[in-house]
1. Per-residue HN-Hα couplings for region B:373-390, Karplus 6.51 cos²θ - 1.76 cosθ + 1.60 at θ = phi - 60°, whole Hz, x for Gly and Pro?
2. Rg and Dmax of region A:214-290, Cα atoms, in Å?
3. Taking θ as phi - 60°, what are the ³J(HN,Hα) couplings along region B:325-340 by the Karplus curve (6.51, -1.76, 1.60), each to the nearest whole Hz, with x for Gly and Pro?
4. Excluding residues on the same chain fewer than 8 positions from B:Lys289, give the lysines whose Cα lies under 27 Å from its Cα.
5. Would you mind ranking B:Ser511, A:Ser140, B:Ser146 by Cβ crowding within 10 Å, fewest neighbours first?
6. Express in whole angstrom the spacing between the alpha-carbon centres of region A:268-307 and region B:464-479.
7. Tell me the volume per residue, in Å³, of the convex hull enclosing the alpha carbons of region B:103-203.
8. Using a Förster distance of 60 angstrom, determine the FRET efficiency expected from the C-beta separation of A:Asp93 and B:Ala288, and round it to 0.05.
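No value in this document is a laboratory result; all are computed from the given coordinates. Being a predicted model, the structure only gives us computed values, none of them experimental. Methodologically, a virtual Cβ is constructed for each residue, glycine included, from the backbone with ideal geometry; neighbour enumeration extends over all protein chains shown.
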Amino acid sequence: MTDPHDECGCQEYRELSRRGFVTAGLNVAALALPSGMPGWLPEVRWAQSANSSRDVIVSIFMRGGADGLSLVAPFGDAAYYSGRPTIAIPRPDAASQQRGIALDNFFMLPQGMAGLRPAYLANQLLIVHATGQSATNSRSHFEAERYLEAGKPADYGIATGWLARHLLTSAPLKPTAPLRGISLGWGGTRLTLTGAPKTLPIPQPENYRHYAPDDSVLDRMFAGGWAPVRDSAKDALRTVNLLKAIGFSQYVPANGAVYPQTDFGKGLRALAAIIKGDAGLEAAHLDIGGWDTHANQGPTSGTMHTLMQDFSNSLGAFWADVMQGAGSHNVTVVVFSEFGRNARENGSQGTDHGRASVAFFMGQGIAGGRVMAQWPGLQRAQLEDGQDLRVTIDHRDLLAEIVKYRLGNPNLTTIFPGYVPVERGITTTGAAAPASALPRRRSLLRQGPGA
Amino acid sequence: MDELDNRDDESSATPPLRTDAPTERAVPPSRRAFLGTLGAVAAGAVGATAIAPADAEAQGRAPYGALIDRLGQRAEWKDIDLRLLRRVTLGMTASDVTAVKALGFDRYLAEQLTPSSIDDTACDTRIATRYPQFAYSQATLLAKESVFWNEVVAPVQRAIVERGAFSKRQLQERMTEFWTDHFNIANSPPRLVDYRDVIRQHALGNFGDMVRASMRSPAMLIYLDQVWSTKWGVNENYARELMELHTVGWNGGYTQQDVHELARVLTGWTIDSNRNFLYRADYHDFGAKTVMGVDFPARPQAGGTAGMDEAMTFAEFLINHPATARHIATKLLRWFIRPDPTNTQINAVAAAYTATGGDIKAMLRVVLTRNNLANAPAKLKRPFHYYVSALRTTGVTVDPWSDWNNWEGVSGSLWDLAHQIFAWQTPDGYPDRAEYWAGLMVNRWNAMSSVVGNWGQVGQYPRFSPTPFMQLPTTAGVVAEINRRMFGGEMTMSLSTELTRWLQVNPTSNSRVQQAVYYAACSPDFQYY
């Protein structure tokens, strides 16, 4: 009802403003009224509530500007090899042990990404290439991260994240859940989830605790006081007890899944335990950093290879554990980075900040098993500023489709302000879903590239 | 609705405390009427509103702002002198209370506005002795770049925490924090020079002087890519933030075209190989430019400082722009008074800016009035403020930083609290909004464990002693001492009840007293100021 730039720092103000908005003539009876609803949200329609089959969303951010041209390499574009004489992934039909794994007759995974192949073959992993931020060309990590996480470019007035606004405009899956959203990792809530109701920054769920000799004292003290601190304190106390009740150390992943003993692997493992605990968690965000590969990138056997192994084996384990088979849970995973890297390598066997990269989508409701791309080409004349892979699909198109069809939330103008997303057909349920759930992949894999 | 039912400490455990305390202006209608009406709304009734938005606008504020007066007020905060202390310090100590009572509201504020009038030798000596890094020249800082984190950043962060905790010039520290975020720069060696020579230097001086200094600050020009902006390739980053964040504000009436034109005006403002400020006329675009209606006609290419005057002229235009006065006035009111300042309040502070040409003290005199403070809703301390206020009021000893292993206890808490000094990466600075910080309650409680949890062991964590709280070793005596040292004597009844319950098990037990201080520091009372 007011400008989203309103910097009012007062949650009470917003709750009350919202009530004012309600009394201004909307049909109150039709609305659930969760607390924490910002007052400035225009004409919100509540997403499906309770007993709905909407997915838990896991948002993963590859911080540092991940090189999409190594993560999912275009061996079908000759300029990929001419631009990267020392750091290209060998073709799938090469003799080298480091050769790529063909996904179709144009793209391949490097060996470090092999952990994602089972999900791809099960048609539950979709790769979107040449995607990124179409409305800003910032090559600053922090600006690009911020714009992507806020869901709106070049606007410092937006203080909440896109996923937070999804939760703000959704009724809770479980009305009593103390923890609807979790931001894993140190240093506070990531912007993606900043401003979300019942959402806490939890560095390591298995070690989330306080040191009060008797927590009933804290409980009583925070029974009064003001939102949002009171609510946050109460949720934190309940969450500490909730996580205490989950036996993280005894947790046995399903389907023989093995998580790497890395921060990322351990984070996903803990998340799997929380999701299976059916505690009402709806959204999670976690980071995997280290993608700023200016020198000695090593996508076949070096630094980036090791990092990709961590990424793909952790995510592959999560898929096997949580998203596969009879007892699977409704989960959608989305993976982004703030930008990609230059098409051509630099003088240090690395790559500098670029534009488009890849995004990954995983889940039973994802039209996967394929690489979606409107390939712009890597010839110099085809590159943005003569150096970078062009952004052909705005990341908000993809996220909006997930929000609408997998999270059942129609409030896209609130979640991605000022943007009209284009449906790309990345879910099996959306209006633009592909006619066949089985794209070209199988026959091409059998043929092999260059066959 | 339940969030309104026990909204403040007037709940059942607490004897009723009137919200129409003498220090508050009456704001109609009564609180009870508000609650009744809102209860009806939650039950589904449509029609009656708590306060008509039109009325609220007539009062000069956003709809429902008046309600905050009621909901966010601390009924216990009756003493106007203490209300001043809460806002100008990083934590009100018992000796601050003594000082304001001895001097009175006006003289205390006048002293804080003139930091040189306050003898701060003890703190200055402490910092200079413990943390010579704080005074390093740019050349020394650059020479240390490869060991920057270990040998410079960690001790400087520690120095800033200790200065906040132990300086008597508290308002200067509050203002330094404010401007550090206003002119935010991510960490780098020259960033420390900026912090010292731009931010601290002008924190209570003239706003225009700060802008002028910032424009020549290598850290700023590097951080916002100005140093790479030339007539051959313009970078708009600094030009945009100079208007959007530093002066006229995002709604200050400029367009994207103005950003581009200002970037052209600023070409040539760069640095030399030692990262000192340098103007290079050969980088400058001498073509015709128009920014926000200010014309810069084309001029012949020349050397020296030719063309530098264009940005200086436009800086004066920005500094003297009414939108800048309102932008700074609004931010200061938000920092010290309330998240939703009224137009009347903003206009008054902006008028002081305009009348004095941007004198910060003059603005603060209009911000920190009895009337404004009496009606200021309680504000959530940001983590730095919260942590430092615990150091100030629990009487802990902070040992000097000695090495990397010693870092964790003090600066490490700020990392865990997501408020590490110089770590905000985008140019808008750490947010000052309650909902941004409210999710960190467990982190805040754990930070209090690190403040009062270490019993006398010399090293990385502050050293706590319960003895000062046990001068009268009875339950009532300890509660009274916690109240005096940490709450200026204005502790809520509900906290007093809770601490009494905890202490009466054994008020002479050192660990019970330590735990009571921990609970007091964790309490809702201590989260706000």
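1. With coefficients 6.51, -1.76 and 1.60, one gets 5, 5, 9, 7, x, 4, 10, 5, 5, 5, x, 4, 4, 4, 5, 5, 5, 6 Hz.
2. Cα-based Rg and Dmax for region A:214-290 come out at 15.7, 48 Å.
3. Once rounded to whole Hz, the list reads 4, 5, 4, 5, 4, 5, 5, 5, 5, 5, 5, 9, 10, 7, x, 10.
4. B:Lys231
5. Working: B:Ser511 11, A:Ser140 21, B:Ser146 8.
With the fewest neighbours first, B:Ser511, A:Ser140, B:Ser146 line up as B:Ser146, B:Ser511, A:Ser140.
6. About 49 Å separates the Cα centre of region A:268-307 from the one of region B:464-479.
7. Numbers: hull volume 9.6 nm³, N = 101.
Spelled out: Cα convex hull of region B:103-203, divided by residues, is 95 Å³.
8. Working: r = 59 Å, r/R0 = 0.99.
Plugging the Cβ-Cβ distance into 1/(1 + (r/R0)^6) gives 0.50.
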